[in-house]
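The values are calculated or read from the model by the stated rules, or taken from the named source; none is laboratory data. Remember, it's a predicted structure, so these values are computed and weren't measured experimentally. Here Cβ is always computed from backbone atoms with ideal geometry, including for glycine, and neighbour counts include all displayed protein chains. To get the accessible areas, we keep the full protein, side chains included, count just its heavy atoms, and leave off ligands, DNA and RNA. Shrake-Rupley method; radii C 1.70, N 1.55, O 1.52, S 1.80 Å.
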Amino acid sequence: MAFEQELLALVPKLRRFARGLAQNAADADDLCQAALERALNSRAQWQVGTRLDSWMYRIMRNLWIDNRRAVQRRGTALDIDDAAMHIADDSHERMEAAMELGDVDRALARLPDEQREAVMLVLVEGYSYREAAELLDVPQGTLTSRLGRGREALMRELGEAA
Amino acid sequence: MTRFDSATIAAFVDGELDDLTARRIDAAIADDADLADAVMRERELRAKLSAHFDSVLDEPVPDRFAALLGGAAAAMAPTPAPSIDTSFAARLAAKKDVQARRFALPQWSAMAASLVVGLTVGGLALGGGGGAGRIDGGGALVASGGLADALDTQLASAQGAGPAVRVGLSFTDKSGAYCRTFESASLGGIACRDDGAWQLRQTVAGQGGADYRQASAGAIAESAAAMMAGAPLDAAQERAARDKGWSR
């Protein structure tokens, strides 16, 4: 199958992963598009015979992390007077936006990024602990402890909401 | 009070535990209500998450992606309009399409309720809830207790004549999920692995007896044939998949 065809076959799952990271459909599809564009541009770096899906997920996740860090840096670069009136990162805006989301989206939005990505990769995308840890470039123990904290937080929130 | 910590229970539900520890937990569930509860809550969380996100998979791919990925997109259009082909293959494919939808369908609810309340599989009523199946947070029917155990661990090539639940074919469906056919005196069907649980895609219940067994086995085989991608797993592939906890 051509490279583009293989990527196209992955798009539904990529959109699903993006939806979990970004929490709204528009941002998720933008993330997905950015990831696919980067994949097309770095095609030479993918080794034929290795898993295309993990390569794509890693690209998307790294783009998302870069974006999150840029958002947080913008906050801390504000003038000191402004900083007194503004939130240093966008968690406040995220919480407000989260109020309009359904239960699961809201609960996910409240997770720190590192827990959310662990939950999405293992519990939704079905990666094994080893595969998810490799994708995120962390030790497996780090992955499982983030995953554990994420799922405990979700069970608390979703359990109450049920 | 449970002797297994939350990380171990999570690993159990995720299919990440070694076989021995997993079997110990499964045996312990019958006597340890806290453990059974913890396992059920983890399974429900997984089911809630997948129920929430799987709807994204069913959405048609937006044009922007097809456009980005070029003319090859035309060959990979989303599900086409119903075909007027009346051949057997087309009828099977249409039937598969119906069966592959999410399971919160009214016609399943009576079956689902009876499974949850107490329909057992050959007396194997272990595990939370007391039945062979339970409804997850998304309305799907998933195997529990002895049925889940059989699906997790039994090999068609090595199960002998003994077990109350017999597994039949193991195969991969068209979405890449592992599926297994199973049958017992009171219940048969097809279960597919989804996020740590065996979702019961088709179930056939009855009074038992030879005639019922033949009729239900045929219906199950026909559905399996419609669902599967490629050939069923051979004995070595089945063992390998089982040893990996039926994960990808």
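Projecting label points 7 angstrom from Cα along Cα→Cβ for B:D5 and A:R130 puts them 2.2 nm apart.
Once all protein chains are placed together, B:D195 keeps about 20 Å² accessible to a 1.4 angstrom probe. With each label modelled as a point 7 angstrom along the Cα→C-beta vector, the B:D58-A:A9 pair spans 2.3 nm.
With the whole protein complex present, B:V61 retains an accessible surface near 40 Å², based on a 1.4 Å probe.
So if R0 is 25 Å, what FRET efficiency would B:T21 and A:Q140 give, r being the distance between their Cβ atoms, rounded to the nearest 0.05?
After rounding to 0.05, the efficiency reads 0.90.
Near A:M60: Cβ cut-off under 13 Å, other residues only, Lys/Arg at +1 and Asp/Glu at -1. The net charge is 0.
Fully extending the segment from A:D103 to A:R58, taken as 0.36 nm per residue of separation minus the present Cα-Cα distance, adds 13.5 nm. When accessible surface is computed with a 1.4 Å probe, chains B and A are found to bury approximately 3400 Å² between them, both chains counted. Ordering of B:172-179, B:46-53 by packing is B:46-53, B:172-179, highest average first (other Cβ atoms within 10 Å, averaged per residue).
Taken as Cα centroids, the stretch A:1-44 and the stretch B:1-64 sit 27 Å apart, rounded to the nearest whole angstrom.
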